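*Asks:* The structure under discussion is supplied below as structure tokens; questions concerning it will follow.
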Amino acid sequence: MKAIRAACAAALSLTALTLAAPPALAESDSGGSVRVSPTTIAAGGQVTVYGSGCSKDITVSSGIFDTVTIGSGSGRGSQTAIVDWDAKQGAMYSVTFSCSGSWTRTADLTIAGGRPVDPTPPPVHHGVRAGVGGSLGGFDLQEIGLGAALITGALGTAYYFSRRRTGDDNA
């Protein structure tokens, strides 16, 4: 129970950090701007990278996620990337944006703490253990005899009262 509470508290803390963190923004005089949102993320989380001011493809790379390409067309765009699970807690990583030979920009991405060092998987539920259950679980002859006697007595009493004469019969 304490583990569940701790996991919920960690998840709420990480969500609050993610939503409260301002996006990283880098601009230059040559017109290219890049952004990483959110700037603080948990290992295994999803970040969105934004780039603009490039007439060609923008290649985004970092040591903690696979390289992604922001396509050209309107000179701006975005792409999502999944942060590696083995990213070090509390570390700051550099995200590099390259505009096909024109310019290169960087933005910082911080990995949030709060995840256990050795995460344990959640318990696997195998469903309800149905079957014989309590109907024959404790096969006790004394209880079965007593139950049979009570049922027989109830049926006998019902039969007696249903066949009994009412007394209104003066024949």
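*Asks:* Skipping prolines and chain starts, which residues have an amide H placed within reach, meaning under 5 Å, of the one on Gly113, given they are 5 or more residues away or on another chain?
*Replies:* Gly90
*Asks:* Rank-order 154-160, 34-40 by packing density, defined as the average count of other C-beta atoms within 10 Å over each peptide's residues, highest first.
*Replies:* My ranking of the peptides, most packed first, is 34-40, 154-160.
*Asks:* Quick check: at a probe of 1.4 Å, how many percent of the accessible area of segment 29-69 sits on carbon and sulfur atoms?
*Replies:* Working: 620 of 1660 Å².
Summing carbon and sulfur atoms, their accessible area is 37 percent of the total for segment 29-69.
*Asks:* Skipping prolines and chain starts, which residues have an amide H placed within reach, meaning under 5 Å, of the one on Ser100, given they are 5 or more residues away or on another chain?
*Replies:* The list, which skips near neighbours in sequence, is Thr59.
The values are calculated or read from the model by the stated rules, or taken from the named source; none is laboratory data. The shown structure was predicted, so the numbers you read here are calculated from the model rather than taken from an experiment. Glycine also receives a Cβ, built like all others from the backbone with ideal geometry; neighbour counts cover every protein chain displayed. Areas reflect the complete protein model, heavy atoms only, side chains present, ligands, DNA and RNA absent. Shrake-Rupley method; radii C 1.70, N 1.55, O 1.52, S 1.80 Å.
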